[in-house]
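Notes to accompany the following structure.
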Amino acid sequence: MLSKLFKTKRQDENNSEQTLSNELAIAITVIYLEVAWADHDISNSEISAIQTFIQKQFNDLSINIEEIIDESLKRLQSSEGLYRYTQIINSSWPKSEKYNLVLNLWKLALINEHLDTFEEYTIRKIADLIYLDHSSFIKAKLEAKENSENPTA
């Protein structure tokens, strides 16, 4: 009886961790999609980059990338706003992960070799909402630009 109780408790904790991981993955994917959609066009190369970013960020978890992207697209289309998703990120990630997120947002915006004004505005808004300081925001932008100009580096 006692072992059954502990087993059930462990399963509940594992399910809770998986749900939290899925919510974090959805929050991050919505953020990526918001930047991709800022110019009112989400290209196949942007979707591919988002899949790669999510896979790298959650490589140790068993999440279904396609399901995460589909759910994130639904949430993006329902216009829930970014605050909810940035709060999930703020409560889950340290500054270094937030920096990497903003770096990836810049990389995403630069995929088509043209930085749209709305993309830049959206990234700035996201950086503010996740409390990333301005110097880190600029550093991430410059690093992404350098990588896009010199992709083999």
In vacuo Debye scattering of segment 2-149, one point per C-alpha: log10 I(q)/I(0) at q = 0.12, 0.13, 0.20 Å⁻¹?
-0.50, -0.57, -1.27
Between His134 and Gln87, how high is the FRET efficiency from 1/(1 + (r/R0)^6) when r is the Cβ-Cβ distance and R₀ = 25 Å? Nearest 0.05.
0.75
Two pseudo-spin positions, 7 Å from Cα along C-beta at Ser21 and at Asn147, lie apart in nanometres by 2.3 nm
Segment 38-54 - phi-based ³J(HN,Hα) in whole Hz, Karplus 6.51/-1.76/1.60, Gly and Pro as x
4, 8, 6, 7, 9, 7, 4, 5, 5, 4, 4, 5, 4, 4, 5, 4, 5
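Taken together, the values in this text are just the output of simple stated rules run on the coordinates, not laboratory data. Just so we're clear, the structure is a prediction, and the values are computed from it rather than from any experiment. Cβ atoms come from the backbone with ideal geometry, glycine included; neighbour counts cover every protein chain shown.
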